[in-house]
Each structure stands twice: as structure tokens, then as C-alpha cells.
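Some notes on the structure that comes next.
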Amino acid sequence: MSKDGVTEEQQVVAFLEANPDLLSRHPELVESLVIPHAAGDTASLVEYQAQVLRDRNRDLTSRLRDYLQRAEENEALLRRVHGFCLEIAAVDSAPTLVAMTRERLLRDFGCDFVSMGGFSERDIDGWQNLGEEAARDLESFRVAHRGVCGRLSRDRLRWLFDEGDLGEIQSGAMVTLGPPGFGILAVGSREEHRFFPGMGTLFLELLAQMVGQRLIAVDGEHADR
């Protein structure tokens, strides 16, 4: 009991009377209340409590369904990446490797455009030889060694993709190809939200590292012949 003779329970009752919308502002409190259910035409707090719990259950069920769907999609994607890595491990030709990478990304990974390029001159069909201007523009990306998703700048699109495709690419992603400084793998889409900022690039990075390392190995083998 307080000094003025008012009990804590009376204080709570007075507070609730002064704040009749408290449960509307804090619906989480309903879950922990013990409320008798009185019959009548008016909806009781017990019914309201049950509705809140049903809504919470639907929300959790929906989230779980989304997580399971993403897990299944990631598993399927991982299997495709694994299968692709097994294939390129047996390739002993740089042109074949570049062509296979482009073909598989277009066919199996939902990309509309694919670009592979580097900062050393290579006479390979489908390989973009990036000049000094492109190297300066992409220096921060090369140093960060981190994938980029979303709308790529006009210059970056120009460095990486064919001129005729630039107007169609609405979103894209690019990752380091092989070790830092070796090259870049970029993909593009006609869909604006296919690649977006914050989107994970782990699988694309793993694939690009494998392709880059294999390309270095193949180039080295042919250079020695």
C-alpha cells in the first residue's frame, strides 16, 4: 500500500480506466493475461486473446514456410554449383571453360547476360579484356573483394557487357573471378529486382573462384607447351 492509502491493484485499475486502449497499443500483453470468459453477445477478452494467438500462429507458420522454401531453393542451387564445378574440373581448354561458364549461367542460374573479363590480355571468345580506364573504375571493387548486386553504373555496364545489351540490363551482380586482381564475373537480368542491394552472392562467388582458378591452371598448362 502506498503512503496515500491506495493499493498497487487500485493504481493499476485506475491506470487501465484512464487508458482503455492499452491492449490495442500492447497486444502482446493479452497473451499473458488470465481472463475469465463470460457468456454474452459482446466479444470477450478471452476471444480477443485467442484471436491474437491465432494471428501469431499464422505469422509464424508463414515465416516457417518461407524459410523452408528458401532452404529448398538454396539446396537446389548448391547442387547446380557442385555439378558445374565437377564439370569444369575436367576442362583443359580456356575457350571451352569460358564458353561453358557462360552457357551454364544462362541456362541453369536464371541470368540473361553473362560477362567474364580480366586485366591481362587474353585472346578468347567471350572474354572481355578490361583496359586501364576500367581498372581504375573497378579498383575499389577489386580491393574490397566483395560481391555487388543491384543497378550497376553505366560505366561498369559498358566495361563488362556488349554495347547492344546495355539498354536491356535492369539489374546485375558482379564478383571477383579467381584471386583478387585476376578478373571479374558479372551477370545481368532484364528484371529490375532480380538482383538487389544486400542480396547474397555466396554461390556466385564460389563458382567464380573455381572458374578463375581453373582458368589460371589451364592457361599455365598451355603456356608451357
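Miscellaneous remarks
- Note on VAL12 and ILE216: their simple-model spin labels are 6.7 nm apart, each label 7 Å out from Cα toward Cβ.
- Solvent exposure of the chain as accessible area per residue, Å², 1.4 Å probe: 63
- Under conditions of 4 °C and 1.567 mPa s, region 60-189 yields 81 µm² s⁻¹ as its translational diffusion coefficient, taking Rh as the Kirkwood radius over Cα pairs in the Stokes-Einstein equation.
- Extension gain, ARG65 to ASP137: 0.36 nm times the residue separation minus the Cα-Cα distance gives 21.7 nm.
- R0 of 25 Å, Cβ-Cβ distance GLU75-ARG146: FRET efficiency to nearest 0.05: 0.55
- With the helix formula -39500 (n - 2.57) applied to DSSP H stretches of n ≥ 4, the chain reaches a computed 222 nm mean residue ellipticity of -17000 deg cm²/dmol.
- Rounded to the nearest 10 degrees, the inclination of helix 8-18 to the longest alpha-carbon principal axis of the chain is 70 degrees.
- When only alpha carbons are used to place a centre, region 113-175 and region 78-103 end up 20 Å from one another.
- Per atom type, the chain shows carbon and sulfur on 52% of its accessible surface, probed at 1.4 Å.
- Subtracting the Cα-Cα distance of GLU192 and GLU87 from their residue separation scaled by 0.36 nm leaves 34.7 nm.
The values are calculated or read from the model by the stated rules, or taken from the named source; none is laboratory data. These numbers come from a predicted model, not from an experiment. For neighbour counting, all protein chains shown are included, and Cβ atoms are generated from backbone atoms with ideal geometry for every residue, glycine included. The protein model used for the area step is the full one, side chains on, heavy atoms only, and it has no ligands, DNA or RNA in it. Shrake-Rupley method; radii C 1.70, N 1.55, O 1.52, S 1.80 Å.
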